[in-house]
Amino acid sequence: MTALLRRIRPLVLLLLGSVLLGGCTVPTFGAFRWATTQGHDEFKLFVGFAVAGLVVAVIVWGLMFWAIARYRRKGDEIPRHFHENIPLEILYTALPVVIIGILFYFTVVTENEVDATPHPNEIVHVLAYRWGWRFTYENSSGVSQGVVIQTAALPKLLAQPATSKQYPQLVLPEGEAVRIVLDSADVVHGFYVPAFNFSRYAMPGFTNRFDFNPTQIGVFPAQCTQYCGLYHSEMLFSVRVVSPASFTKWLTAQQATQAQTGGAA
Ligand SMILES: [Cu+2]
């Protein structure tokens, strides 16, 4: 056994070294660092699943390699044969059931937190259509704020870089609850903001409602994630989270210009 350990030591050191040198930040396992309280809940659940999976994987791999090394063929010696081990069989049946029960519990708790829609400070109607997005702002009582943000017409949009101003921007206030009321005008689209760890279908004939509590100021890219036709790739947008004061200023400025021009910017 010690000979084996000595043989695999360089490999273990190499693996450990690459993990440590790879970065000192907490690993995200491919999830995004959150920018909303809901996104943070999803992040915690995702990391919990990844860690649980890794622990199980390490135990399974460890036992496999131990069995391969310990019981490898030595000369003509035939290993001892046996079958049935009731305690072991009960253990490896019960343990996965318990693990799945725990993961299920945390999934339900997290989903309930993410889907909770308490009283919002702001309501934004999001309409997905081929090929763009329309954001209509309302106050917390559902009264129109007279602000509509919409994707530019297709000829203007084609051959634009992803950062183009022709793609619409959903502006949200930091630290406030924003209700999104999501609809589709034609086919199924996907409303996806990677930085929020959040995606939901925009479906014709069915309204999806959910809340965001943005916790981080910044601009976050977003897009349609459901292939919806020829210009699906043009269904880009971004979310800009600003301070509540800047949000009010932005809303007032939009109201003034849109009242003048009589429509979406
Ligand atoms: Cu789409």
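The values are calculated or read from the model by the stated rules, or taken from the named source; none is laboratory data. Model, not experiment: these values are computed from the prediction. FYI the Cβ positions are ideal-geometry reconstructions off the backbone, even for glycines, and counts take in every protein chain you see. Heavy atoms of the whole protein, side chains included, go into the accessibility calculation; ligands, DNA and RNA do not. Shrake-Rupley method; radii C 1.70, N 1.55, O 1.52, S 1.80 Å.
Structure above, values below:
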quantity	calculated
Percent of beta bridges antiparallel (DSSP, the stretch 167-265, rounded to nearest 5)	80 percent
Solvent exposure, largest accessible area first (probe 1.4 Å, DNA, RNA and ligands not counted), of I123, I90	I90, I123
Kirkwood hydrodynamic radius (C-alpha pairs) into Stokes-Einstein, the chain, 20 °C and 1.002 mPa s, D in µm²/s	95 µm²/s
Given charges at beta-carbon only (K, R positive; D, E negative), |dipole| of the chain in Debye	1120 debye
Carbon/sulfur fraction of accessible area - the chain, other protein chains in place, 1.4 Å, %	65 percent
Sequence-separation-based contact order of the chain, relative, with Cα cut under 8 Å and 6+ spacing, percent	20 percent
Given 12 as the ceiling on other Cβ atoms within 10 Å, longest exposed-site-free region of the chain for trypsin sites (Lys or Arg not before Pro) in DSSP loops	166-265
Highest average packing first - 172-178, 91-97, 106-112, Cβ atoms within 10 Å	172-178, 106-112, 91-97
Per residue accessible area in Å² of the chain, where ligands, DNA and RNA are left out and the probe is 1.4 Å	63 Å²
Antiparallel %, DSSP beta bridges [both residues in the chain], to 5	75 percent
Accessible surface ranking that places the most exposed of W66, W133, W34, W250 first, with a 1.4 angstrom probe	W66, W34, W250, W133
Net dipole in debye of the stretch 126-194 [+1 Lys, Arg Cβ; -1 Asp, Glu Cβ; about Cα centre; nearest 20]	280 debye
